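Note sheet for the following structure.
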Amino acid sequence: MFIIYSICFWMMIYFINHKHFIYFKTLTSLGFVVTAIYSAYLSNSMHILIILLPGLIGCMMGDILLATKIKNQFLYGLTAFLLSNIYFIYYLYHFQSFYIQELFIPILSMIILISLNYRSHMNYKKYQTPIMIYTFVIAWAMSKSIMCYLSFQNTMFLYTMIGFIFYYLSDLILLFHRFYETPHHSKLRILNLLTYYLGLFFIAYSLMG
């Protein structure tokens, strides 16, 4: 499964500046949805898949929106991912209740985000408020996945935690790619896609555990 997923990913990277990029990105995003379904089928975890699947589909929709040329595509994509991440938190709360400690990383992420905005080459433009809300939520999802792994320490939550860490890192890289003045935008874009698709693969594959 990972080999097929990797082939789709590198095909997407090959066509990254091509007009048909959106089709290869959609195919790769469909890959983590199929991975989740296939993993759940093999491990007899269809009841867990039903809870996780809407979040993965939401991410796929966000991927498609970000690859379009429509007006305000970044804001639409950000909204799709925000809703998906809220659903991921809801998914994780099926396994563990709320602990006040899980808010440490989201709060720290907000402090870092605000601090970065004072750098001369960083400019969030009109997206400062949506970015802050989104950052808090994705950091919360990552934090909750870490809490779940520390509590249960099994393969499922190990993969889930790894997935959300990669996912969080991809958004941090995306922040610099879109809003920081740097000559390395093309490299940051590839690194963003690599960490993102690794993260979503691990989240999907966690159902195998």
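The values are calculated or read from the model by the stated rules, or taken from the named source; none is laboratory data. These numbers come from a predicted model, not from an experiment. All Cβ positions, even for glycine, are placed from backbone atoms using ideal geometry, and neighbour counts span all protein chains on display.
The one condition from (1) small (Gly, Ala, Ser); (2) free of Cβ contacts under 8 Å to residues at least 40 places away in the same chain; (3) within 30 Å of Trp10 (Cβ to Cβ) that Ser97 does not meet is (3).
The one condition from (1) under 19 Å from Leu175 (Cβ atoms); (2) surrounded by 12 or more Cβ atoms within 10 Å (Cβ to Cβ) that Asn72 does not meet is (2).
Yes/no per residue for (1) surrounded by fewer than 19 Cβ atoms within 10 Å (Cβ to Cβ); (2) of a type in the set (A, V, I, L, M); (3) out of contact with any strand residue (DSSP E or B) (no Cβ under 6 Å at 6 or more places or on another chain):
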{"position": "Met122", "(1), (2), (3)": "yes, yes, no"}
{"position": "Tyr127", "(1), (2), (3)": "yes, no, yes"}
{"position": "Thr135", "(1), (2), (3)": "no, no, yes"}
{"position": "Phe152", "(1), (2), (3)": "yes, no, yes"}
{"position": "Phe166", "(1), (2), (3)": "no, no, yes"}
{"position": "Lys187", "(1), (2), (3)": "yes, no, yes"}
{"position": "Ala204", "(1), (2), (3)": "no, yes, yes"}
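Residues in the range 181-209 that are touching a residue at least 60 places away in the same chain (Cβ under 8 Å) and among the hydroxyl-bearing types (Ser, Thr, Tyr): Thr182, Tyr197, Tyr205, Ser206. Restrict the check to the range 66-75 and report whether at least one residue is modelled with pLDDT of 95 or more and among the basic types (Lys, Arg). Checking the range 66-75: not a single residue is modelled with pLDDT of 95 or more and among the basic types (Lys, Arg). Checking each residue of the range 49-57 against the condition of being surrounded by fewer than 18 Cβ atoms within 10 Å (Cβ to Cβ), without any contact (Cβ under 8 Å) to a residue 12 or more places away in the chain, assigned to a helix (DSSP H, G or I) and of a type in the set (A, V, I, L, M, F, W, C) gives at least one match.
When you scan the range 80-87, do you find a residue that is more than 16 Å from the chain's Cα centre (by Cα) and part of a helix (DSSP H, G or I), even just one? There is no residue in the range 80-87 that is more than 16 Å from the chain's Cα centre (by Cα) and part of a helix (DSSP H, G or I). Candidates in the range 1-22 are the residues that are of a type in the set (Ser, Thr, Tyr) and surrounded by 14 or more Cβ atoms within 10 Å (Cβ to Cβ); of these, the one that is nearest to Ile57 (Cα to Cα) is Tyr5. If the condition is being within 22 Å of the chain's Cα centre (by Cα) and part of a helix (DSSP H, G or I), then the range 91-100 contributes Tyr91, Leu92.
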